[in-house]
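The values are calculated or read from the model by the stated rules, or taken from the named source; none is laboratory data. Keep in mind the model is a prediction, meaning the values are calculated, not measured. Note that we place each Cβ from the backbone using ideal geometry, even for glycine, and neighbour counts take in every protein chain shown. Remember, those area values only see protein heavy atoms, side chains included, never the ligands or the DNA or RNA. Shrake-Rupley method; radii C 1.70, N 1.55, O 1.52, S 1.80 Å.
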Amino acid sequence: LWVVRGSPPTYVLLWGIILNTAMGCFLRIFKDVETNCSIYTLWLQARQVCGIIHRAATSWNLSYFVSKWASVWETYAKVVKHMQQQTEKKVMLSGIKPSGDLTLGSYLGAIKNWAARAEEFECYYFMADLHSITVRQNPADLRRRTLEQLAQYIACGLDPEKNTLFIQSHVHQHAELGWVLNCYAMFGELSRMTQFKDKASKNADNINGGLFTYPSLMAADILLYQPDYVPVGEDQKQHVELTRNIVQRFNGIYGDVFKMPEPYIPKVGARIMSLTNPEAKMSKSENEDTGRVCLMDDPAVIMKQFKRAITDSDRENCVRYDPEHKPGVANLMNIYAAVTGKSYADIEREFDGQGYGVFKPAVGEAVVECLRPIREEATRMMADKAYLESVYRAGAEKASRVAQKTLRKVYKKVGFVAL
Ligand code: TYM
């Protein structure tokens, strides 16, 4: 003020006193407000800034002000960060490999929990095509399934205006950060991944490097967007845990670079098993699972699958939730609960005294009705390729912007020369 207005130092002194008094009054008024109340915290921080200005002014010591400038700046950064935290939405991110047609498992375990989150969270969902090629794919099928998957995401309620929907290979930062994180994921950790062991045993003639380092790419997918939550089915929890280990290791060396993500696993539907083998997860790969139901299946096909679903060989023939002794029935109950929102107790009551012959078609019908609008909307959208292209182009643009910000930071931290 003194510099700008050419006023005598007393003006500065006066301003310091006025500001500090005003703030004192304000703090007194808001004294009873919880200390974590944002406005209160903000004022406390602002008061620190004014305290420094005041002291500099009262002692008329410019060097004091200069010496404290760093602390003023730090406080300002804190205030801005705090305000951002208050106003910014939390971030959610997830993806699915287009390695097979989407199944009821992918829907109930993942997508169903993504829809309707867009108001509360900033959401990113993608087609994980880079991950798909860890197992050999027919190129034409992979292209078709990737677009179909986008249409199905939208048909499941993911509004592209409110969610960022994109194809992983369109955002080159995934592969780049994936490489960096490979150097921070340990051989032992990667060897322990259940999915790697499982896939390696099923593809003995193609145990490639990508299959092994898959979790580092998945960590990159996640960390590029600094999400708070990663909504996945039970089988992906281990990969999210590994991502958390990488965050801890990386941040331990370079400071606060990545936000720690949390897996977000649904209470019902997190693990949908095959209808023909209730010991195995319902899988997207045709050659792995004959007991699967796909989102685009005809109602007649779905009904047939449920009617021939394996129930248990006990003599009881009664609908009771007992995953240990009656895994087939428990799986059907899990599906029915996830689709209708009923509890296991409600379901037991509903089918009390009726056998599996009534229960199985009832589950089939509930699933048909749940998937019908999705199938119809996705079919309609598949005919509109121009619309799908506009969605994935806009998604890639937005995702790249966010991803580049994180990648730039990482490159700087690890010591790459900026171009
Ligand atoms: P993927 O493609 O195998 O499965 C996609 C999502 O569907 C869930 N899911 C199931 N949930 C319940 N029961 C089932 N039978 C079932 N089958 C699949 C999975 O848990 C998953 O949430 N690596 C991931 C894809 C991925 C990813 C990511 C996910 C790549 N990058 C980053 C989250 C964040 C995968 O193979 O999912």
**Message:** Tell me yes or no: at least one residue of segment 114-128 is more than 9 Å from the ligand (Cβ to nearest atom), under 12 Å from the mean Cα position of the chain (by Cα) and assigned to a helix (DSSP H, G or I).
**Reply:** yes
**Prompt:** Which condition does Leu150 not pass, out of (1) within 24 Å of Leu371 (Cβ to Cβ); (2) under 16 Å from the mean Cα position of the chain (by Cα); (3) surrounded by 22 or more Cβ atoms within 10 Å (Cβ to Cβ), if it passes all the others?
**Reply:** (2)
**Message:** Would you confirm whether or not segment 350-360 contains a residue that is among the aromatic types (Phe, Trp, Tyr) and not in a helix (DSSP H, G or I)?
**Reply:** yes
**Message:** I'd like to check something: does segment 322-338 contain any residue that is part of a helix (DSSP H, G or I) and more than 16 Å from the ligand (Cβ to nearest atom)?
**Reply:** yes
**Asked** Filter segment 81-113 for residues that are more than 10 Å from the ligand (Cβ to nearest atom), over 19 Å from the mean Cα position of the chain (by Cα) and open to solvent by less than 60 Å² (accessible area, probe 1.4 Å); which is modelled with the highest pLDDT?
**Response** Asp101
**Asked** If you check Arg349, Arg292, Arg308, Arg315, which single one turns out to be under 21 Å from Leu102 (Cα atoms) and either surrounded by fewer than 20 Cβ atoms within 10 Å (Cβ to Cβ) or more than 16 Å from the ligand (Cβ to nearest atom) (or both)?
**Response** Arg308
**Prompt:** What are the residues in segment 400-419 that are open to solvent by 100 Å² or more (accessible area, probe 1.4 Å) and not β-branched (Val, Ile, Thr), if any?
**Reply:** Arg401, Lys405, Arg408, Lys412, Phe416, Leu419
**Item:** Restricting segment 244-273 to residues that are of a type outside the set (A, V, I, L, M) and near the ligand (Cβ under 8 Å from one of its atoms), the residue that is least open to solvent (accessible area, probe 1.4 Å)
**Value:** Gly269
**Among (1) within 13 Å of the ligand (Cβ to nearest atom); (2) touching a residue at least 24 places away in the same chain (Cβ under 8 Å); (3) open to solvent by less than 50 Å² (accessible area, probe 1.4 Å) - the single one Phe196 does not satisfy** = (2)
**Asked** Looking at Asn277, is it among the polar types (S, T, N, Q) and away from the ligand (no atom under 14 Å from the Cβ)?
**Response** no
**Asked** Considering Val367, Val414, Val339, which residue is under 30 Å from Ala219 (Cβ atoms) and under 27 Å from the mean Cα position of the chain (by Cα)?
**Response** Val414
**Message:** For segment 181-190: of the residues being open to solvent by less than 40 Å² (accessible area, probe 1.4 Å) and away from the ligand (no atom under 16 Å from the Cβ), which is farthest from Tyr411 (Cα to Cα)?
**Reply:** Gly188
**Item:** Odd one out for Asp228 among (1) touching a residue at least 40 places away in the same chain (Cβ under 8 Å); (2) away from the ligand (no atom under 14 Å from the Cβ); (3) not hydrophobic (A, V, I, L, M, F, W, C)
**Value:** (2)
**Request:** Select from segment 171-180 the residues that are outside any helix (DSSP H, G or I) and open to solvent by 60 Å² or more (accessible area, probe 1.4 Å) and list them in ascending order.
**Result:** His172
**Message:** I'm told Val363 meets every condition in (1) open to solvent by less than 10 Å² (accessible area, probe 1.4 Å); (2) outside any helix (DSSP H, G or I) except one. Can you identify the failing condition by its number?
**Reply:** (2)
